[in-house]
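Read the structure below first, then the notes.
The values are calculated or read from the model by the stated rules, or taken from the named source; none is laboratory data. This one's a predicted model, so the numbers in the text were calculated from it and none came from an experiment. Heads up, the Cβs are rebuilt from the backbone with ideal geometry, glycines too, and the neighbour counts pull from every protein chain shown.
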Amino acid sequence: MKRTLDNTLDDWLEHIERQHPKSIDMGLERVREVARRMQLRRPAENTIVIGGTNGKGSTVAFVEAIARAQGLRVGAYTSPHLHRYNERVRIDGRDADDAALVEGFEAVDAARGDTPLTYFEYGTLCALWLFQREALDLAVLEVGLGGRLDAVNIVDADAAIITTVDLDHQDWLGSDIEAIGFEKAGIARAFKPLVLGDDDPPASVLRHAYAIGAPAWRIANDFFAEPVDAGHWRWREVGFEMELPMPMRGMAASVQTRNAACAIAALRALDLPIDVDAFARGVAEAGVVGRLQRFGRDGVDVLVDVGHNPQAARALADWLRAQPKRRTLAVYAALADKDAAGVVEALADEVEGWHLAGLADAGPRGENADAFVARLAGTAAAAGVRHADVPAALHAALLDAAPDGRVLVFGSFHTAAQALRSLNEAAG
């Protein structure tokens, strides 16, 4: 795109969406070559790369909050965003402003020549360019898809985290857990620590770590997250332990202590100078939008979550079972390539009624309500009420809910974003 003083961030986002015929084109050759031309080196003194099926964004938030509580200067790169692209790039706790992102995209475009880049590859190179200029103590990078062939993997991580491995994105990563595990294990580096958030990780992950000499730090084996009481938990490894507050700010699901434990393990594996008080403050202060985010509406408890696959749905079901019994309605909208039936199966016993919505405006992976409901034939949700979009489904669910009821809105980042926008507009 020809550079002019009038090019806005929106102009650039529209431009980069048009620069590659595919939204996903896995492989590192193109992005690595452009990074070389941009003279991108280390984005920070220390770098942690985080992959996994679920929990990546939350784990980034814990790493970032703990390190910042210690006074370290931190850059964080995550995806996707909920409201504004700027959310994807944070420096010292603040979203990158439009001018900085425009400058970064200009640098990428100037370096790429005729090399086609996807939207995500543009964004990754832009983030790395911005981080490199900031003299950061720590960069925390979230993998977009898989790991081995993801654009983030051009960076050699000083420590890597694989939060979980489960079925998702099978068209890209393989049809079974072992194949998916191999792809995710590609973010590990020789002789650098690899933190694993699964009690029993796939053999492919452990085999790859062993082959390259990456020491694997396994939860429930090399470090532990143990409940103490309703407000505290214990992080423990051999010879060291600390009692910490439970995560707050919408990070209340039990799985979040596991994500926090992995974040702590990676920071300790890097041997960064972080004291116990910083660990405690970081765990308590970490927050990320759209993870069991709670709202009250006329006596109804509304919870918004980005969960979009069966593993995430099982975590939501576990959380619901642990809560005081209330009539729960679901507002569910999913992308066309997701295992919607598996999600419903995971939550069926905890949900009394379903409001199903289309995501026709979510791009090529979106679908209308009729197509979505057709995919749910034979499930507990099949008899649910269908709605054209998420705001309509949420409005109907709130009218349907008892005064002391609960409405759970989930299914994708698009679902959460639309629900949050509707809830915030109603409150404002």
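Checked against (1) touching a residue at least 12 places away in the same chain (Cβ under 8 Å); (2) in contact with a Leu (Cβ under 9 Å, 6 or more places away or on another chain), PHE223 passes all but a single condition, namely (2). The set of residues in the range 12-31 that are modelled with pLDDT of 90 or more and surrounded by 14 or more Cβ atoms within 10 Å (Cβ to Cβ) comprises TRP12, LEU13, HIS15, ILE16, LEU28, ARG30, VAL31.
Looking across the range 392-415, just one residue is out of contact with any strand residue (DSSP E or B) (no Cβ under 7 Å at 6 or more places or on another chain) and acidic (Asp, Glu), and that is ASP404. Filtering the range 191-203 to residues that are in contact (Cβ under 8 Å) with a residue 60 or more places away in the chain and more than 20 Å from SER254 (Cα to Cα) leaves only PRO193. Of all residues in the range 357-371, those being farther than 16 Å from ALA416 by Cβ and surrounded by 18 or more Cβ atoms within 10 Å (Cβ to Cβ) number 2. Quick check on the range 372-389: of everything there that is out of contact with any His (no Cβ under 8 Å at 6 or more places or on another chain) and β-branched (Val, Ile, Thr), which residue is surrounded by the most Cβ atoms within 10 Å (Cβ to Cβ)? Top of the filtered list is VAL373. Whenever a residue of the range 135-149 is touching a residue at least 40 places away in the same chain (Cβ under 8 Å) and under 12 Å from LEU173 (Cβ atoms), its partners that are of a type in the set (Gly, Ala, Ser) and in a strand (DSSP E or B), lying with C-beta atoms within less than 8 angstrom and at least six residues away or across chains, give the pairs VAL143/GLY51; GLY146/GLY51; GLY147/GLY51. Within the range 204-220, the set of residues being surrounded by 13 or more Cβ atoms within 10 Å (Cβ to Cβ), farther than 17 Å from ALA261 by Cα and free of Cβ contacts under 8 Å to residues at least 24 places away in the same chain comprises LEU206, ARG207.
In the range 53-108, which residue that is hydrophobic (A, V, I, L, M, F, W, C) and within 16 Å of the chain's Cα centre (by Cα) is surrounded by the fewest Cβ atoms within 10 Å (Cβ to Cβ)? Of everything passing the filter in the range 53-108, LEU82 is surrounded by the fewest Cβ atoms within 10 Å (Cβ to Cβ).
Taking the criterion of being among the acidic types (Asp, Glu) and either in contact with a Lys or Arg (Cβ under 7 Å, 6 or more places away or on another chain) or within 16 Å of GLN132 (Cα to Cα) (or both), the only residue of the range 70-94 that qualifies is ASP92. The conditions of being farther than 19 Å from TRP217 by Cβ, buried (at least 19 other Cβ atoms within 10 Å of the Cβ) and within 17 Å of the chain's Cα centre (by Cα) are met by ALA139. Only one residue in ALA383, ALA402, ALA388, ALA392 is among the small types (Gly, Ala, Ser), farther than 24 Å from TRP319 by Cβ and at pLDDT below 95. Which one? Just one listed residue meets the conditions, ALA383.
Among the residues of the range 314-336, just one is closer than 20 Å to ALA382 by Cβ, assigned to a helix (DSSP H, G or I) and touching a residue at least 40 places away in the same chain (Cβ under 8 Å), namely LEU316. Each residue in the range 344-356 was checked for being among the small types (Gly, Ala, Ser) and either buried (at least 20 other Cβ atoms within 10 Å of the Cβ) or touching a helix residue (DSSP H, G or I) at 6+ places or on another chain (Cβ under 8 Å) (or both), and 2 pass.
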